[in-house]
1. For the range 198-254, what is the relative contact order in percent, using Cα pairs closer than 8 Å and at least 6 residues apart in sequence?
2. Enter the per residue convex hull volume of the range 135-251, computed from alpha-carbon coordinates, in Å³ rounded to the nearest integer.
3. How do the peptides 118-124, 210-216, 154-160 rank, highest first, by the average count of neighbouring beta carbon atoms within 10 Å per residue?
4. Between residue 166 and residue 204, 0.36 nm times their residue separation minus their Cα-Cα distance comes to what?
5. Could you tell me how far the Cα centroid of the range 198-221 sits from the Cα centroid of the range 115-170, in Å?
6. Using Cα-Cα distances under 8 Å and only pairs 6 or more residues apart, what relative contact order does the range 135-251 have, in percent?
7. Per 0.36 nm of contour for each residue apart, how much would the distance between residue 94 and residue 224 grow if the chain were fully extended, relative to their Cα-Cα spacing?
8. Given Cα pairs under 8 Å that are at least 6 residues apart, what percent is the relative contact order of the range 61-143?
């Protein structure tokens, strides 16, 4: 294969994740507040809000468990990330409950703030890993298409070409489905446009691939047929690389819009802070 396909590698290291955009609510900005001026009479509402945080965490954990169970990639890392969310969620439950009992305590408030930050950090890491697993699944499809493309290029006669192109077509259908889903998940309009353009280029050039390859097999000594076939192959390879680049352009922390669990949890934490 040519270097045009070299970008098809996972660009993130699951063992060393940098949380680039953390969904931290106003809780984070209140860690240095002095004694609270809130009245203890509001502790009843504080307990209700603490319960809502606990429920939101539980809802997210259920989704996290499902993601880890269904994922074929990074399963061990996902399971560990879910358990970390569970652990931090329990710490947050205890901290928020203790603060609700004594909302005037700046010490307990600080403990709760640190617990909230740790919980959101754990949740964000889980989202990053889940997104990485999705990308890895897409990259595996891209790799299969690359191999099928190479097989088409190495066809020795027209019947061989027909058989290999048929397999290539099957893999293209699978890839298009996975790539289309990834395109919908991308929040950045520019990334979506890049994915759409790459998918369009792949479809267009894949259609011309059979004709160009057939012409070359019929007239292998004609320079123009070889040049045309090589050009089409290069366009297909560049489209595959384009899909890979677009798929990895946005981290899940930029895509919280597509994860209702993190939105619910962040909202619950925010309401807890504002209301008490």
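1. On the way: 35 pairs, mean separation 26.0, N = 57.
About 46 percent, as a whole number.
2. Numbers: hull volume 9.0 nm³, N = 117.
So the per-residue Cα hull volume is 77 Å³.
3. Put in order of decreasing packing, that is 118-124, 210-216, 154-160.
4. 12.1 nm
5. Between the Cα centres of the range 115-170 and the range 198-221 lies a distance of 22 Å.
6. Relative contact order of the range 135-251: 32 percent.
7. Taking residue 94 through residue 224 to full extension adds about 39.4 nm, to one decimal.
8. On the way: 59 pairs, mean separation 31.7, N = 83.
It comes to 38 percent, rounded to a whole number.
Every number here is computed from the coordinates shown, using simple stated rules; none is lab data. Here the structure is a predicted model, which means the values were calculated and not measured. Counting neighbours? That spans all protein chains shown, and the Cβs are built from the backbone with ideal geometry, glycine included.
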